[in-house]
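A short worksheet on the structure shown next.
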Amino acid sequence: MSIIRQATRENLPHQLYLFYSNRRPEDAAFLDLLQQAARQNAKLHLIATMTEMQHSHHSWTGETGFIDQNMVGRHLPSLEGPIYYLAGPPIMVAAMRQMLVGAGADEDDIRTEEFSGY
């Protein structure tokens, strides 16, 4: 959130792509704030995806399924060049790193933060 807020406040020229995966919309912390930020900052591309919509009581018109090479490829102009920030449970972070490196991203361009226990 701090990167997004700073980029918006300072009108930074960087294109930001946020792939945000949750089980259901009702589980997605800050989803409303992220959607609002994307409306305020044309350089912020929010790609929210839900993996368990069959268990949701809400409607969803965005992406569904896990973040994979196909999904990333549909939204990013190129996998080479960006700096990637991965944050989430250790298993997800490891899977995303493996997918990005396998798709051609430079491993030196990947930053990670793992958290667990929720």
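The values are calculated or read from the model by the stated rules, or taken from the named source; none is laboratory data. Predicted model only: the values in this text are computed from it and were never measured. Don't worry about glycine lacking a Cβ; one is built from the backbone with ideal geometry, like all the others, and counts go over all protein chains shown.
General observations
For (1) in a loop (DSSP other than H, G, I, E, B); (2) modelled with pLDDT of 95 or more; (3) outside the structural domain of residue 57 (by TED's automatic domain parsing), each residue gets a yes or a no:
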position	(1), (2), (3)
4	no, no, no
20	no, yes, no
29	yes, no, no
38	no, yes, no
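- Just so you know, in the stretch 60-118 the residues that are among the basic types (Lys, Arg) and without any contact (Cβ under 8 Å) to a residue 24 or more places away in the chain include one that is surrounded by the fewest Cβ atoms within 10 Å (Cβ to Cβ), and it is 74.
- Among the numbered conditions (1) of a type outside the set (Lys, Arg); (2) assigned to a strand (DSSP E or B); (3) on the phi > 0 side of the Ramachandran plot, the only one that residue 117 does not meet is (2).
- Total residues in the stretch 79-114 satisfying the condition of being in a loop (DSSP other than H, G, I, E, B) and among the β-branched types (Val, Ile, Thr): the figure is 1.
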